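Structure first, then comments.
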Amino acid sequence: MQHATPSTVAPPAADLPPVTTMMKRGLRGRCPICGKGRIFNGFLRVADQCTHCGTALGRIRADDAPPYFTIVIVGHVVIPLMLWLERAQTPPLWVHSAIFLPLTVGLALALIRPIKGATMGAMLKLGLATPDDAPRNNA
């Protein structure tokens with residue numbers, strides 16, 4: 001395993017893989033640059049740097065974008081299903097709660113991490129990372 005000390009956030013944009021490749025690597029939780037190191041140290045906590053290529057991953061601040069994308073996707077899945085069930089069967093409210101609360105939470109938890117990884121890959125390709133000297137909150 002090669003360990004590098006990052007001097008910048010990422011190589012110049014011309015040296016980076018295509019944005020689709022970087023997003024796919026991020027979806028899998030891998031470093032968008034090399035595809036081998038891990039992006040996350042915890043469930044959503046971003047690693048300071050890639051253990052394989054040394055890219056400063058901790059400087060990529062996705063902030064509110066991944067939760068927003070997750071809410072949009074989950075809402076577009078759950079709401080139509082909920083409306084369809086209501087129209088087709090008209091079940092009591094507890095049935096809706098028993099089905100759609102766990103479905104909503106499960107989908108959100110399943111999607112937030114891959115979406116954050118893909119967002120980080122796109123941000124890295126577009127050069128939207130904080131400078132090395134800027135303060136950061138890595139939550």
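The values are calculated or read from the model by the stated rules, or taken from the named source; none is laboratory data. Fair warning: this is a prediction, and the values are worked out from it, not measured in the lab. Note that we place each Cβ from the backbone using ideal geometry, even for glycine, and neighbour counts take in every protein chain shown.
Table: residues versus (1) farther than 30 Å from Pro18 by Cβ; (2) touching a Cys at 6+ places or on another chain (Cβ under 7 Å); (3) at pLDDT 95 or above.
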| position | (1), (2), (3) |
| --- | --- |
| Pro66 | no, no, yes |
| Gln89 | yes, no, no |
| Leu107 | no, no, yes |
| Ala110 | no, no, yes |
| Pro131 | no, no, no |
Those residues that are buried (at least 22 other Cβ atoms within 10 Å of the Cβ) and within 15 Å of Ala118 (Cα to Cα), I need them from the stretch 38-51; list them, please.
Ile39, Val46
Scan Gly54, Gly42 and give me the residue that is out of contact with any helix residue (DSSP H, G or I) (no Cβ under 9 Å at 6 or more places or on another chain), free of Cβ contacts under 8 Å to residues at least 12 places away in the same chain, closer than 22 Å to Met22 by Cα and part of a loop (DSSP other than H, G, I, E, B).
Gly42
Within the stretch 60-96, the residues that are in contact (Cβ under 8 Å) with a residue 24 or more places away in the chain and of a type outside the set (Phe, Trp, Tyr) are Ile60, Arg61, Ala62, Ala65, Pro66, Pro67, Thr70, Ile71, Ile73, Val74, Val77, Val78
Which ones in the stretch 74-96 are out of contact with any helix residue (DSSP H, G or I) (no Cβ under 6 Å at 6 or more places or on another chain) and closer than 16 Å to Leu109 by Cα?
Gly75, His76, Val77
Extreme residue, nearest to Val95 (Cα to Cα), among residues of the stretch 59-82 that are of a type outside the set (A, V, I, L, M) and surrounded by 19 or more Cβ atoms within 10 Å (Cβ to Cβ):
Thr70
In the stretch 1-51, residue modelled with the lowest pLDDT [restricted to those that are among the hydroxyl-bearing types (Ser, Thr, Tyr) and over 18 Å from the mean Cα position of the chain (by Cα)]
Ser7
Given (1) modelled with pLDDT under 95; (2) farther than 19 Å from Ala129 by Cβ; (3) crowded, with 17+ Cβ neighbours inside 10 Å; (4) not β-branched (Val, Ile, Thr), number of the condition Gly54 does not satisfy
(2)
